[in-house]
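Q: Quick one: this structure, given as structure tokens, is what I'll be asking you about.
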Amino acid sequence: MSLAIQIRQHGGPEVLEIVEVLDASVGDPGPGEVRIRHRAIGLNFIDVYHRTGLYPLQLPATIGMEGAGVIEAVGEGVTHLRVGDRAAYASQPPGSYCEVRVMPAMCVCKLPDGIDFDTGAAMMLKGLTAQYLLLKTRPVEGLVPGDFVLFHAAAGGVGLIACQWAKALGLQLIGTAGSDAKCQWVLANGAAHAINYNTEDFAARVKEITGGQGVKVVYDSVGQDTWDKSLECLRPFGLMASFGNASGPVAPFSPGLLGAKGSLYVTRQTLFTHMASRQSTQAMADALFAVVLGGEVKIHIAQRYALADVQQAHRDLEARKTTGSTILTL
């Protein structure tokens, strides 16, 4: 028997149920699949979206998008992984909240020996998100060392990776967070400036920091609460890069607003568009592995919860009590 977390209906953390699953019922991998036994599982805000139904799933469902473990079986056509390999992934479909699963092999990557399972589970979805934002989601005028960028929720798992990676790229990252303590953590991880959005007007502060010019790009996973003022932070031809809705979806707006504010660009990015092939997935993972192994980016696991305590993990995540990365342990 193995454990899994399932939801039978959408709702609050209380809908997360612990169930026992016969290992035999997990089955063998089919063509293009692997069976992986997890050693650690990543927790991400997208898991909340799946649980609540903001991103609906066919129910009952096991949620979770990120994990690390050992490959137990390999299906036909899979050539980049072998039985016994240490591996990690950020992958569709959801289903990582379990001890063992069969899943598509395309987004599963062999984990370098220098990276342990906990780090692997904590870094894949968040690190690959930081990778595509900073390296592939760029304003029309590009980014060069010295440029200012604004990153919301910079004390979270994606944010702390982005702070460090941006510094390595020579960018001046302005990070927002919800407390002075979190702002100190953002600065300690490479941000050039930190703004407590609960005590400061972040748009006014950004204009002050940039000498009135604004930033070339805003990276925003918060959504509703930060959208309008984020547009005020952009310089002409700047890019508003939305990649999440932690405070709720952004309200409809007129495209004419973008012209009035300086011919701005807007994009809504998703990780799995960038990971649409085995080749692109591996290239992104290789870039992430390189900065972690090279020491430019450290993965901060600030919270660990037993898989059985997943309800509390979700409560803490939604209450913004967490910093850095969070994992579920087995």
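Q: Kindly indicate the residue of the range 37-46 that is touching a Phe, Trp or Tyr at 6+ places or on another chain (Cβ under 8 Å) and at pLDDT 95 or above and also surrounded by the fewest Cβ atoms within 10 Å (Cβ to Cβ) among those meeting that condition.
A: Going through the qualifying residues, I end up with Arg39.
Q: Residues of the range 90-99 being touching a helix residue (DSSP H, G or I) at 6+ places or on another chain (Cβ under 6 Å) and closer than 15 Å to Gln282 by Cβ, which ones?
A: Once the filter is applied, which keeps residues that are touching a helix residue (DSSP H, G or I) at 6+ places or on another chain (Cβ under 6 Å) and closer than 15 Å to Gln282 by Cβ, the range 90-99 yields only Ala90.
Q: Another question about this same structure. Which of the residues that make up the range 10-25 are surrounded by 13 or more Cβ atoms within 10 Å (Cβ to Cβ) and part of a strand (DSSP E or B)?
A: Across the range 10-25, the qualifying residues are Glu17, Ile18, Val19, Val21.
Q: Can you tell which of Val74, Val78, Val102 is in contact with a Lys or Arg (Cβ under 6 Å, 6 or more places away or on another chain) and over 29 Å from Ser221 (Cα atoms)?
A: From the options Val74, Val78, Val102, the qualifying one is Val102.
Q: Also, I was wondering about something else. Here are the criteria: (1) closer than 16 Å to Ala287 by Cα; (2) of a type outside the set (A, V, I, L, M, F, W, C); (3) part of a helix (DSSP H, G or I). Tell me which single one Gly114 does not satisfy.
A: Only one criterion in (1) closer than 16 Å to Ala287 by Cα; (2) of a type outside the set (A, V, I, L, M, F, W, C); (3) part of a helix (DSSP H, G or I) is unmet by Gly114, namely (3).
Q: Considering each residue of the range 70-79, count those that are within 15 Å of Met106 (Cβ to Cβ), surrounded by fewer than 18 Cβ atoms within 10 Å (Cβ to Cβ) and in contact with a strand residue (DSSP E or B) (Cβ under 7 Å, 6 or more places away or on another chain), and give that number. I'd like the intermediate steps shown before the answer.
A: Quick first cut of the range 70-79, residues within 15 Å of Met106 (Cβ to Cβ) only: 71, 74-79.
Adding the requirement that they be surrounded by fewer than 18 Cβ atoms within 10 Å (Cβ to Cβ) leaves 75-77, 79.
This time we only want the ones that are in contact with a strand residue (DSSP E or B) (Cβ under 7 Å, 6 or more places away or on another chain), so: 75.
Of the residues in the range 70-79, 1 are within 15 Å of Met106 (Cβ to Cβ), surrounded by fewer than 18 Cβ atoms within 10 Å (Cβ to Cβ) and in contact with a strand residue (DSSP E or B) (Cβ under 7 Å, 6 or more places away or on another chain).
Residues checked against (1) within 30 Å of Gly120 (Cα to Cα); (2) acidic (Asp, Glu); (3) buried (at least 16 other Cβ atoms within 10 Å of the Cβ):
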{"site": "Ala194", "(1), (2), (3)": "yes, no, yes"}
{"site": "Thr210", "(1), (2), (3)": "no, no, yes"}
{"site": "Thr226", "(1), (2), (3)": "no, no, yes"}
{"site": "Gly262", "(1), (2), (3)": "no, no, no"}
{"site": "Phe272", "(1), (2), (3)": "yes, no, no"}
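Q: Still on this structure: Only residues that are at positive phi and in contact (Cβ under 8 Å) with a residue 24 or more places away in the chain: list them for the range 75-109, please.
A: Correct list: Gly77, Gly95.
Yes or no, residue by residue, for (1) aliphatic (A, V, I, L, M); (2) in contact (Cβ under 8 Å) with a residue 60 or more places away in the chain:
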site: Val48; (1), (2): yes, yes
site: Arg51; (1), (2): no, yes
site: Ile63; (1), (2): yes, no
site: Pro112; (1), (2): no, yes
site: Phe117; (1), (2): no, yes
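Q: Could you list, in sequence order, the residues of the range 129-158 that are farther than 20 Å from Thr226 by Cα, assigned to a loop (DSSP other than H, G, I, E, B) and either among the polar types (S, T, N, Q) or without any contact (Cβ under 8 Å) to a residue 12 or more places away in the chain (or both)? Lay out the reasoning, then the answer.
A: Applying the first criterion (farther than 20 Å from Thr226 by Cα) to the range 129-158 yields 131-132, 135-136, 140-147.
Cutting the leftovers down to assigned to a loop (DSSP other than H, G, I, E, B) gives us 140-147.
Once the filter is applied, which keeps residues that are farther than 20 Å from Thr226 by Cα, assigned to a loop (DSSP other than H, G, I, E, B) and either among the polar types (S, T, N, Q) or without any contact (Cβ under 8 Å) to a residue 12 or more places away in the chain (or both), the range 129-158 yields only Gly142.
Q: Which residues, counting only those in the range 159-189, are of a type in the set (D, E, K, R) and either in the same structural domain as Val292 (by TED's automatic domain parsing) or not in a helix (DSSP H, G or I) (or both)?
A: Residues satisfying the conditions do not exist here.
Q: Also: Suppose the filter is closer than 22 Å to Gly42 by Cβ and of a type in the set (A, V, I, L, M); does Val291 pass it?
A: yes
Q: Restricting to the range 80-110, and then to whatever is of a type in the set (Lys, Arg) and over 23 Å from Glu20 (Cα atoms), can you tell me which residue is farthest from the chain's Cα centre (by Cα)?
A: Arg82
Q: Here's another thing I want to ask about it. Could you tell me whether any residue of the range 236-246 is touching a residue at least 12 places away in the same chain (Cβ under 8 Å), in contact with a strand residue (DSSP E or B) (Cβ under 9 Å, 6 or more places away or on another chain) and farther than 28 Å from Ser179 by Cα?
A: yes
Q: Moving to a separate point now. Just checking, does the range 194-207 include any residue being among the aliphatic types (A, V, I, L, M) and assigned to a strand (DSSP E or B)?
A: Within the range 194-207 (the criterion being among the aliphatic types (A, V, I, L, M) and assigned to a strand (DSSP E or B)), the answer is yes, since at least one residue qualifies.
Residue-wise test of (1) surrounded by fewer than 20 Cβ atoms within 10 Å (Cβ to Cβ); (2) not in a helix (DSSP H, G or I).
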| residue | (1), (2) |
| --- | --- |
| Ala241 | no, yes |
| Ser247 | yes, yes |
| Pro252 | yes, yes |
| Leu258 | yes, no |
| Val266 | yes, yes |
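The values are calculated or read from the model by the stated rules, or taken from the named source; none is laboratory data. Please read all numbers here as calculations on a predicted model, not as lab measurements. Cβ atoms come from the backbone with ideal geometry, glycine included; neighbour counts cover every protein chain shown.
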